[in-house]
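The values are calculated or read from the model by the stated rules, or taken from the named source; none is laboratory data. Keep in mind it's a predicted model, so treat the numbers as computed, not measured. Cβ placement follows ideal geometry from the backbone for every residue including glycine, while neighbour counts extend to all protein chains displayed. Ligands, DNA and RNA are stripped out before the accessible areas are found, and what is left, the full protein with its side chains, is counted by its heavy atoms. Shrake-Rupley method; radii C 1.70, N 1.55, O 1.52, S 1.80 Å.
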Amino acid sequence: MEFSRRQTMQIAAAVGAAALSAPNIARAATPKLVVVGGGTGGASVAKYVAAAAKGAVDVTLVERNPLYMTCYFSNLYLGDHWDFDRLAHNYEAMKAVHGVNVVHAHAQSVGDGAVTLSDGSTLAYDRAVVAPGIDFKYELYEGFDEEIASTLVPHAYKSGNQLLLLKQQIMGMEDGGTVVIATPPNPYRCPPGPYERASMIAGWLSKHKPASKVLILDPKSKHSKQGLFTEAWNRLYPGMVEWVGGDFTGGALPVVDAKNRTVITADDEEFEADVLNFIPAQKAGQIAIDSGLTGDGDWASVDPMTLESTLVPGVHVLGDACANGDMPKSGFSANSQAKVCAQAVMAAMTGKKAFPPRFRNTCWSLVGDDYGIKVGANYKAGDGKIEKTDGFISQTNEDDATHAATAAEGFGWYEAMTSDIFG
Ligand SMILES: Cc1cc2nc3c(=O)[nH]c(=O)nc-3n(C[C@H](O)[C@H](O)[C@H](O)COP(=O)(O)OP(=O)(O)OC[C@H]3O[C@@H](n4cnc5c(N)ncnc54)[C@H](O)[C@@H]3O)c2cc1C
């Protein structure tokens, strides 16, 4: 059949109109995943769903900061083993390579099929993932809040500017001064974190201000990798690091006199610091609380098979913000949970088969030059919680080569983890 020039143009116009409207129809039918929090857990799930879905799921990631500063290896910056800039990661590959729609905004709440942003606009979702990390329970402490932490007594437990402030304070301290690290009660982000920090600070002080001390005040009566840290401190920094455990306060939380950099225990004992690193008790990131995901508790309860909230259907919570059973709150855990969650989300949104969940974690701590220790475990979805199946830990009396190999593994892990998420 022959078409006239006029008919040909009409057909071309109709085809053009169809072509223009087709993506709209397809887009409307494409299920929407909105992920709140572009940290280790949230960015991992956004990338993994986008990579697996290949356009079959429309993935949006809401993150308030343009750069992600890792907390892991932030202690190494304090010890001069890592540059501050190396902690920063951007979202360029997330957008350009994986096609994730990255929105830099503060999310206010999640629920009823929409994420509400602080400017009042909304993002509709078929499924949502909430991974906001932690916030601090300042309400438990008199005279201590985020303003004081940002200017005077840094917790430096979210990386970023407070980390710079803490390092400046340590570098400005007189030789012979005392750095006090007041650690939080369980559960909290990165159980070995405060003790790795004590090690890194002691390492720096031993080179630059050798008459100084590091005092750890702990509301707990024991801590992560305790035998291994104690062995390392005695060996590498003899007489420099002192740990005062929870027996001294009966586990009660201390009072902070921030202006005088003094920690006052429940039985009125006072510990004065030249530099005070006070790490408060923790809870899930505020948006999880405001969205009803934590119920009456501090952490979001989830189904261990899928990481879906037990309180708000269609919303998954992972990383530090969830009640993660036997798993520690770590970056490795958040990334492992994200892979399980990505499968569950794909199954729910596209019908793709999900495999039985398996979770893993390893926490490496650098305690000195070429001196690493580690603890790790495997986990399964148990009865209502994530359950440990088996684990391993470095041994005391390991030789130098083993410590050096463990330290090198830790450095390798950082590169692998950050390129898995942001590459
Ligand atoms: C000193 C220290 C050392 C550590 N070392 C290790 C280690 O060696 N290995 C390890 O595995 N883990 C380590 N961790 C723990 C690790 O950093 C955390 O467990 C991990 O970051 C948790 O990931 P997440 O996604 O839950 O939270 P995060 O990584 O904190 O991400 C949360 C993201 O959500 C964003 N966000 C929050 N609320 C909103 C909102 N309302 N709107 C928009 N965006 C929002 C935040 O800006 C942030 O980017 C360490 C932690 C510390 C403090």
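Observations, loosely collected:
- Compared with the dominant Cα axis of the chain, that is its longest principal axis, helix 400-422 is turned about 30°.
- Taking the three principal axes of the alpha carbon atoms in segment 187-248, the coordinate ranges are 34, 23, 17 Å, sorted in descending order.
- For the residues A288, A107, A96, a GNM of the chain with alpha-carbon springs under 10 Å puts the largest fluctuation on A96.
- Inter-probe distance in nm under a simple model that places probes 7 Å from Cα toward Cβ, at L140 and N234: 3.1 nm
- Label point distance in nm, L164-E270, each placed 7 Å from Cα along Cα→Cβ: 3.4 nm
- DSSP loop trypsin sites (Lys or Arg not before Pro) with at most 12 other Cβ within 10 Å excluded, longest remaining stretch of the chain: 55-221
- Within segment 151-166: backbone nitrogen closer than 17 Å to the L67 label point (7 Å, Cα to C-beta): 158-166
- In plain terms, the chain from S419 to E147 could stretch by 94.6 nm, reckoned as 0.36 nm per residue minus the Cα-Cα distance.
- Whole-percent carbon and sulfur share, accessible surface of the chain, 1.4 Å: 52 percent
- C190, C341, ranked by accessible area, largest first (probe 1.4 Å): C190, C341
- Note on the chain: Cα convex hull, mean projected area over all directions, 25.3 nm².
- Over 31 Å between alpha carbons, listed pairs K220/K374; K213/K374; K95/K167: K95/K167
- Solvent exposure of H208, expressed as accessible area, is near 100 Å², computed with a probe of 1.4 Å over the protein chains only.
- Computed about the Cα centre, the dipole magnitude for segment 138-280 is approximately 840 debye when only Lys and Arg (+1) and Asp and Glu (-1) carry charge, each at its Cβ.
- Partners for K380 among aspartates and glutamates (Cα-Cα distance below 16 Å; same-chain residues under 8 apart left out): D303, E308, D326, D390
- Backbone HN-Hα couplings from phi across segment 386-391 [Karplus 6.51/-1.76/1.60, Hz, Gly and Pro as x]: 6, 10, 6, 9, 7, x
- Helix axis angle, 331-350 relative to the chain longest principal axis, alpha carbon, degrees: 20 degrees
- Solvent-accessible area per residue, Å², over the chain with all protein chains present [probe radius 1.4 Å]: 44 Å²
- Each of Y91, Y195, N234 was placed along the dipole of the chain (beta-carbon charges, centred on the mean Cα), and the one lying farthest toward the positive end is Y91.
- Taking all protein chains together, L163, L67 sort by accessible area into L67, L163, largest first [probe 1.4 Å].
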